[in-house]
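What follows draws every value from the coordinates through simple rules; no lab data is involved. For clarity, every value in this text was computed on a predicted model and none was experimentally measured. Using ideal geometry, Cβ is built from the backbone for each residue, glycine included, and neighbour counts are taken over all protein chains shown.
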Amino acid sequence: MGGVAEETLTAIKVVASFGREEKELEKFVTWSLRTLKVAKRSQKMMSFMVGLMKFCIFFFYTFALLIGTVFMLNGHIIKKTGEVIGPREVLIVVIALITGFIGLIAALPNIQTISAARVQGKLIFDVIDRVPEIRSHESSSSDDKLVLKSHIAF
């Protein structure tokens, strides 16, 4: 959309001299609506992912506290130390989960960048692998050689 506006504003004298203001306005509105549609879809996806991430975080906190409480009430014993599981061990597990999720949240922008780079890479390779419609050097056979004559007149 910025390109459309920049193009029109750069050539505003030409646009005005040919009376194309209404056409350019329609073009700008069309591109604005396209941009709005893409932005809304992107925002919906981002909101869904943030909600899903928060759900996962709180679900695992709740799950860790629930399992820790069950282990404490049943008197499970830690095999390495021989001690009964207490609130200290449950808190250690919850802090480990918090640390893990902080690392995951810190990695999300990098994952987003990698996925965007993969999409751009695919587009670039599609352009590179594109076969042009006009391939003059392949269409001419070896029998159809270009014959040049020296009859040039001015």
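On a full-extension model of 0.36 nm per residue, what is the gain between residue 130 and residue 38, subtracting their alpha-carbon distance, rounded to one decimal in nm? Could you put the intermediate results ahead of the total?
Values: separation 92, 0.36 × 92 = 33.12 nm, distance 2.64 nm.
Length gained, residue 130 through residue 38: 30.5 nm.
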- lysines within cross-link reach of residue 27: Cα-Cα under 24 Å, excluding same-chain residues under 8 positions apart? 13, 37, 40
- Structure-derived volume of the Cα convex hull per residue in Å³: which label, when the choices are (1) 286; (2) 204; (3) 136: (1)
- Note on the structure: Dividing the helical contributions, -39500 (n - 2.57) per DSSP H run of n ≥ 4, by the residues of the chain yields a 222 nm value, nearest 500 deg cm²/dmol, of -26500 deg cm²/dmol
- Which of 78, 62, 104 sits farthest toward the positive end of the charge dipole of segment 2-128, with +1 on the Cβ of Lys and Arg and -1 on the Cβ of Asp and Glu? 78
